[in-house]
Amino acid sequence: MRNVDANTLTNAVIRSFDGAADPRLREIIASLVSHLHDFAREVKLTPEEWQAGIAFMHHAAKITNESRSEFVLTSDVLGLSSLVDLIASSGGTERSALGPFHAEGSPLLAVGGDLKKDNDGEAMLVQGRVLDSAGRPVARAQLDFWQAAINGKYWQQDPEQSPDNLRFRMITGDDGEYAFTTVRPAPYTVPYDGPVGDLLRAGGRHAWRPAHFHFIVSAPGHHALTTEVFFADDPYIDEDAVFGVRESLLTQITSDNDASLAQKHGLNTPYPSVRFDFRLAAATPARG
Ligand code: BEZ
Ligand code: FE
């Protein structure tokens, strides 16, 4: 292997993994090495440029901690997280970003419950159903929900918020219905005080995400679904910094006047309202 050149090197590196016991690992590494080397050859990557790339990773490692991963953010702003979601979509509602702010163990909220509590902002009603791929209600599905407050911050980023603020788990009834009141979310920026922020600025990009709700919807016998719900009129809907928006995940906020619903949920009429139905794909295809 002492006579490698810029072309034969790639195959030598790939062959060096031939002893890997896991065939999937061999496949992934071979493709990764092949594409990385092609990339370096194509742009004629210089030693100084690659050192800058390594410095980016060092900086990312330095500011990564339990509640903030600059590596996940790098994957997000390069569209790789979104691409992996798109590849994994298995029918049903499309997948979208998990992001770094999901936390296990959210408090249980009954169907119809209130999440807004004393949060500032406009109260809104959110409701819909969890359905299977044939459009039948999924009984006792679990929704795991989280969102940012009106100041654009999740509880992990804001000492003023309690750790249980603006997140819940909810179990649907036999009709698959869910409903809750919350505060209308606002667009916010992903963290841009690290190397990813430098990259965005150098690329002439901004750090904004359109307003959204996060959901993980799960039920026995179905693929768990990690997704987001957006609002069609959001100013950043076509320029999400992490490429999570899908046409099928857009909702329209309507101004509703249903007096009995308003009374039931403690809202004034008219009140903003959105509906979104989730479709879960079966974990194992039904046998015909
Ligand atoms: C989020 O939506 O919470 C998020 C997603 C990607 C990066 C940062 C935040
Ligand atoms: Fe988010």
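Table for the structure above
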{"item": "Net charge contributed by nearby residues that have their C-beta within less than 14 Å of L199 (K/R +1, D/E -1)", "result": "-3"}
{"item": "Among F101, L36, Q156 - extreme Cα towards positive end, dipole of the chain, charges at beta-carbon", "result": "L36"}
{"item": "Cα centre as origin, Lys/Arg/Asp/Glu Cβ charges: segment 82-165 dipole, Debye", "result": "380 debye"}
{"item": "Net +/- balance of residues flanking I63 in space, Cβ distance below 14 Å, scoring K and R +1, D and E -1", "result": "-2"}
{"item": "For V111, distant residues with modelled amide H under 5 Å away", "result": "I171"}
{"item": "Nearest-ten-degree value, helix 47-63 long axis tilted from longest Cα axis of the chain", "result": "40 degrees"}
{"item": "Only Lys, Arg (+1) and Asp, Glu (-1) charged, at Cβ; the chain dipole about Cα centre in debye", "result": "620 debye"}
{"item": "DSSP beta bridge pairing in the chain, given as percent antiparallel to the nearest 5", "result": "75 percent"}
{"item": "Sequence-distant residues sharing a close amide H with R209 (under 5 Å, placed H)", "result": "Y188, T189, V190, A241"}
{"item": "Normalised contact order of the chain, rounded percent, pairs of Cα under 8 Å and 6 or more residues apart", "result": "20 percent"}
{"item": "Acute angle (nearest 10 degrees) that the helix 23-43 long axis makes with the longest principal axis of the chain, alpha-carbon atoms", "result": "70 degrees"}
{"item": "From phi via Karplus (6.51, -1.76, 1.60), per-residue ³J(HN,Hα) for segment 177-185 in Hz, x at Gly/Pro", "result": "7, 10, 6, 6, 9, 8, 9, 4, x"}
{"item": "For the chain, diffusion coefficient by Stokes-Einstein and Kirkwood Rh (Cα), 37 °C, 0.692 mPa s, µm²/s", "result": "152 µm²/s"}
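Each value in this text was obtained by applying a stated rule to the coordinates, not by laboratory testing. Quantities reported herein were computed from a predicted structural model and do not represent experimental measurements. Cβ atoms come from the backbone with ideal geometry, glycine included; neighbour counts cover every protein chain shown.
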